Structure formats: C-alpha cells, structure tokens
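Let me begin by presenting the structure, written as structure tokens, before commenting on it.
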C-alpha cells in the first residue's frame, strides 16, 4: 500500500492548490496564493518518491537520473521565468503550458507501452485521451508562442481547404483513438500521436493575433484535463484534483476572457474560416494623414482640460512606461485632469497592461476600465493613444465584415482631438486598417514611443 | 482506488474549480491563468512515478523527457507568476508602512 502519510500529504497539497486558486482571484491575496500553490507542488513532488513497493515493485528505480532530470528542468524553467521581459509574459505562459501538455502526453505513451494490453477499457480510454489532448496542447501552445514572439505572422493563416483538412484530421484522430481502445497496438499509437500533434497546429493556425490569448487560456484548460486523465490512469488522486481544478477554472476563465473581448469562443476559434480577406482596398500610402511634431503635441496637451491616455502594447515594447508616467505627472501638475483608459485586452492578454503599468509605479486610481471611461471621451479634449491600434479601431463597432467586429473598443474617435504615437502606418496586431488614423481631428506623431514621449516631455517643460 | 471513487473526486473538483475563480476581476486574468498553468505542472508527480518503474530504456528516456518538461512547467510557472504579482505589491506595502 501507498503509505498513509503520503496520501495525507497529497490531501494537504490538494487543499493548497484550491487555496492558491482562491488567493489568485483577489489582488490582495494573489501573491500569497501563488506561493501556497508552489508549496503544494513542492510537497507533492517530494512525496512522489515514497509511493512504495506496490507502485514501483520495490524501491523507486533510476533515482539519480530522475533527480538530474528534475534539476535540469527546474533550472531551465527558473532562468526562463527570471529572464523574460514583462512584455513577453504571455508567450512564456504559452510555452510553459505547452511543455506541461507535452509531459502529460509522454507519460501516457509510456503507460501505454508498458501496460497497453492489460489495461481496462476505462483506463485505456483515459490514456488515449491524454495522448490526444496533451499533444494538441503541446503543438498548439508552441504555435501560439511563435505567433506572439512574431517568429511567424500573427495574422490568421488560412490554408486552402484548411477547414476540410482540419475536419479530416480531427475525424482521423477520433477514429484512430477509438480503434486503439478496441485493439491496442503500438503502430496505431504512433499514428495517433502524429495526428494529434498535427491537429494542434491546424487548430491554432487560423486564429488571429488578438485572439491568441484566449487560445492560450483554452489550451491551459486542456492541459489541466489531460493531467487529470493521466491521474486516473495512474490511480493518483492528487493529479486528478489538480488537473480538474485547472481544467474547470481554465474553462471558466477562457469564457470570461472571451466575454471581455465580446467574442463568443467559437468565433475566436473558427472565425478566420468565415471572414473574407480584409486587406484594405485603398493602399495606405495614398491616403492623407496629418502628422504632428512633438512640440505640437505638447501644446495640444498643455492647453487641454481633460486628457485620456490609451496605452497599448507598443508602449510596453518601447519600454516607455516610465516616460508616460512622467508626462502624466507634468500634466497633473498643470492642473489637467488625466486618466489612463485600460482596455481589458490591452497588451497581449487580459490584465497585461495593468501589470506593465504597475511595474512603472503608475497609481491604481488613475487606471480606468473601459466601461467606466468610455462615456467620458466626448468631454475629453485630447485622447493620446500610445502604441495601441486594434483596441481603438471603430471597425470593431461599425464594420460587420471586420475580423474584430464585436470586440468592445475604447471610443477615442469621440474625443475632441486624437493623437496617435505610432512607429509606422503598419496596421495593428489584428492586421486591419484603422479609420480613426485618417480622421481630420487626428494627428500622428511617428517614431519610437519612448523617443516621442521624451521629446514631448521636454517640449512640455519649456512651455 | 475504484473507478467510481475517482470519478466522484473528478466531479467534485470541477465544481470547486469553477467556484474558486468565479469572482476574479479582469486585472487578475493573466496572473490567474499563469498560476493555474503552474499548478498543472504537478504532472511532474506522474512523470516521476512512471519513470521510477520504467522497465526498458525507451520508457526511461521518455520518462526523463517528461520529467524535464514537467519541471520546466512547474518551476517556470510559479516563478513567472510571482514576478507578475510582485508588480502589484510594493506600493501597497509602502502605503501601509507610511500609515504605521
């Protein structure tokens, strides 16, 4: 029998995981919650070595190799997590999620190889479920990483007949999985593995850049479920509890994120198949835009009564969070009312911008959420959009053919004047044209966000 | 343990999982996703278990691969979540100290 103290420790770890998720749901307790989770995971890992004879058929084997493997993985994970910049956080999470799914799939492959023919149908089904879902999560997450890291285009990739290929591969996966349950064979297992890995890629390819975070969250829930299923195979209660907790909370979280973007989940996943190619007909060069100098922008801001800052991912990429804070402090000192308008998905993920601005010591009370700030735009003199595009694109409100149609946006087009700080005329992450840029009341200041802001700040100081 | 007992645990865990995150604010979506991601890194336990009873080299090397992947997930996940949440903390701590 597994020693009682091991099972008691697993119970403690399960409770710690629940407390961790509970803690992570509120800003005050979030950090402690995460540490409780880490404590639970440490306890769980420690007791895994003490399952005893029943499980290992003797003392645990290959102990030195196992310790070395844990050390290697931990060091890689630690360094990656410490080195990553805050702006690259979403793809890091995607990567961690992918390797977790990969681990679950590999575990099930081993289980199948060692006991394929002797397993019960229920256990075999769970094994095969884990292989499929874990593999989909693995390649799917790696692809979201590639998209966010811009190793490949972030736009939806639609291959010819893509929909039919995806459906074909999905059906093939299910058929192979069923065949495997009825008649376990190693050949079929490798076939299933190949199909599942392909399916992960095919499912994520057509997802557009702005929707990628939702997919990460969904794949996160998938990995959770595959961990739960491998817990069933191994008869391990802790894995079932932890995996199911993540699967259930991840599914709910995915739905909440999709709601924040005003997009039903099916639309996120399969939208690209329906959407027409939306490359703007008029080429960008031959449409007039009004560009402004840093001095113009400084004057505009200095004589405003109310200014709303709309920070986007471009701000974070340029590492301009501190400069924008400095600018806002100057304006506030002049008696101008300044707020930050935070779109729920500003940055690359829901809540990402809050993290980035918190890093730059921007006070919480200046951060206004979308629903709170939107009615204030008509009474705003200047809306200053720094490195954001899709979240202020009225196409989401007005143009039914736009891929982002239905996503709630910040209504900067209703402000008296709009200033965009942009690097170039390149469209945003979703790859669609923004009409506000061509509005006569809009001025554009081209350049790196940090450079531009620094110039505006020094111009403001001399006024 | 018998199948029904495991199924019971599974079903009850679904309800707990939904319940604990039902009131999360949008600000915390990213850290919560990241934290949940770290928790499923506990698949490391499963990786250790199958490797500890590996009977041939294929199983051993596959198992060690799973261990490396799972530990990256677990350790990286918790560290990265902590770094995100660190950003939320310092100002409050300062304020508390001032008020003392």
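The values are calculated or read from the model by the stated rules, or taken from the named source; none is laboratory data. Treat the numbers as computed from the prediction; the structure is a model and nothing was measured. Ideal geometry is used to build each Cβ from the backbone, glycine not excepted, and the neighbour counts take in all protein chains shown.
Details
- Filtering B:85, B:60 for residues that are out of contact with any helix residue (DSSP H, G or I) (no Cβ under 6 Å at 6 or more places or on another chain) and either at pLDDT below 95 or within 7 Å of chain A (Cβ to nearest Cβ) (or both) leaves a single hit, B:60.
- Flag for residue A:357 being without any contact (Cβ under 8 Å) to a residue 60 or more places away in the chain, closer than 21 Å to residue A:410 by Cα and buried (at least 24 other Cβ atoms within 10 Å of the Cβ): yes
- Scanning the range A:232-246 for residues that are facing chain B (nearest Cβ under 7 Å), surrounded by 24 or more Cβ atoms within 10 Å (Cβ to Cβ) and part of a helix (DSSP H, G or I) yields a total of 10.
- Test: residue in the range A:357-370 that is over 29 Å from residue A:458 (Cβ atoms), within 24 Å of the chain's Cα centre (by Cα) and assigned to a helix (DSSP H, G or I): yes
- Out of A:252, A:197, sole residue that is surrounded by fewer than 24 Cβ atoms within 10 Å (Cβ to Cβ), more than 18 Å from the chain's Cα centre (by Cα) and in a helix (DSSP H, G or I): A:197
- Check on residue A:154, modelled with pLDDT of 95 or more and either more than 24 Å from the chain's Cα centre (by Cα) or buried (at least 17 other Cβ atoms within 10 Å of the Cβ) (or both): no
- Residues located in the range A:72-91, provided they are in contact with a helix residue (DSSP H, G or I) (Cβ under 7 Å, 6 or more places away or on another chain) and in contact (Cβ under 8 Å) with a residue 40 or more places away in the chain: A:86, A:87, A:89, A:90, A:91
- Residue in the range A:87-99 that is assigned to a loop (DSSP other than H, G, I, E, B) and either at pLDDT below 95 or within 7 Å of chain B (Cβ to nearest Cβ) (or both) present: no
- Given (1) part of a helix (DSSP H, G or I); (2) more than 7 Å from chain B (Cβ to nearest Cβ), index of the condition residue A:206 fails: (1)
- Test for residue A:381: is it more than 24 Å from the chain's Cα centre (by Cα) and without any contact (Cβ under 8 Å) to a residue 40 or more places away in the chain: no
- The sole residue among A:350, A:264 that is under 22 Å from residue B:26 (Cα atoms), outside the structural domain of residue A:218 (by TED's automatic domain parsing) and modelled with pLDDT under 85 is A:350.
- Residues satisfying the stated conditions in the range A:408-451, i.e. surrounded by fewer than 23 Cβ atoms within 10 Å (Cβ to Cβ), in a helix (DSSP H, G or I) and under 29 Å from the mean Cα position of the chain (by Cα): A:413, A:435, A:436, A:437, A:450, A:451
- Selection status of residue A:403, surrounded by 24 or more Cβ atoms within 10 Å (Cβ to Cβ), at pLDDT below 85 and out of contact with any strand residue (DSSP E or B) (no Cβ under 8 Å at 6 or more places or on another chain): yes
- Test: residue in the range A:164-183 that is assigned by TED's automatic domain parsing to the domain that holds residue A:124, modelled with pLDDT of 85 or more, more than 28 Å from residue A:96 (Cα to Cα) and not in a helix (DSSP H, G or I): yes
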